[in-house]
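Working notes for the structure below.
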Amino acid sequence: MAESEDEQRDEARSADLDHRPLIVTVEMEAAAQAHFDHLRSRYFPPERNWLSAHITLFHALPGKEREAIAQHLAQAVAGRSPITVTVERVRFLGNGVAFVLSSPALQGLRALLAKRFQPWLTRQDEQGFRPHVTVQNKVPAETARALQATLSEDFAPWDFTVTGLSLWHYDGGPWEKTARFPLS
């Protein structure tokens, strides 16, 4: 009897894991990723810095729809070339700092996916897409303002390439990557 209770407990745990929310992010070229990771490691509070720098496309899709979501992501990137993104400016977030990004192609890809994910979108994901990379968060406003001023001093817009999409499970802390969807 103990073995079947253990099996039932394992099945229940597995079912819970399948229902964890899913996050969709953009994969950046290595140089951009290293640049933003460096800034994040330098300025993000260490006790909260569980993740690499990232660009979130969708914040909380339903884990139980993982297979359908993965299929939509695979279809959306199939035959699509890498996407150029422009880092436009440094933005004060109130209690943090981010780099504002622009890319009509990335906006288009996100809009296509939003249509496919419409029944599953949270209010946050329905509000629109404002691409950015956060390098500091959860700090006093004065600290954030000072960093925004420092990073803005020598800032000039620059471009990098998006190389794919990633699908993650969210479990309250660090994310767990479940799939990659490279651009051709």
Item checked: Label point 7 Å beyond Cα of Thr86 along Cβ direction - residues of region 153-170 with amide nitrogen under 15 Å -> 156-161
Item checked: region 88-134: C-alpha pair distances exceeding 17 Å, % -> 45
Next item on the list: Report Rg/Rh for the chain, rounded to two decimals, where Rg is the Cα radius of gyration and Rh the Kirkwood radius.
Entry: 1.03
Next item on the list: With everything on Cα atoms, drop me the angle between helix 141-153 and the longest principal axis of the chain, reported from 0 to 90° to the nearest 10.
Entry: 60
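When the accessible area of the chain is split by element with a 1.4 Å probe, what percent falls to carbon and sulfur?
Result for the chain: 49 percent of the exposed heavy-atom area is carbon or sulfur.
Consider all pairwise Cα distances in region 81-181 and report the whole-number % of them above 20 Å. Write down the numbers at each step before the final one.
Details: 2682 of 5050 pairs.
The answer is 53 percent, as a whole percent.
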Next item on the list: Mind checking which lysines have their Cα closer than 28 Å to the Cα of Lys115? Skip sequence neighbours fewer than 8 apart in that chain.
Entry: Lys64, Lys177
Checklist line | Amide H within-cut-off set for His132, under 5 Å, with H built and near neighbours excluded | finding: Thr56, Leu101
Next item on the list: For helix 66-77, report the angle its Cα long axis makes with the longest principal axis of the Cα atoms of the chain; keep it between 0 and 90° and round to the nearest 10°.
Entry: 40
Notebook entry, point to check: Taking the chain as a Gaussian network, where each spring joins two C-alpha atoms under 10 Å apart, which residue of Asp37, Asp18, Asp154 fluctuates the most?
Noted result: Asp154
Checklist line | Theoretical ellipticity at 222 nm over the chain - DSSP helices of four or more residues, -39500 (n - 2.57) apiece, nearest 500 | finding: -12500 deg cm²/dmol
Checklist line | Residue-normalised accessible area of the chain, expressed per residue, 1.4 Å probe, Å² | finding: 55
Margin query: I need the calculated FRET efficiency for the pair Ser102 and Asp18, taking r as the beta carbon distance and R₀ as 45 Å, to the nearest 0.05.
Written below: 0.80
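The values are calculated or read from the model by the stated rules, or taken from the named source; none is laboratory data. As the structure is a computational prediction, the values presented were derived from the model and not from experiment. Ideal geometry is used to build each Cβ from the backbone, glycine not excepted, and the neighbour counts take in all protein chains shown. Quick note on the areas: whole protein, heavy atoms, side chains included, nothing else; ligands and nucleic acids left out. Shrake-Rupley method; radii C 1.70, N 1.55, O 1.52, S 1.80 Å.
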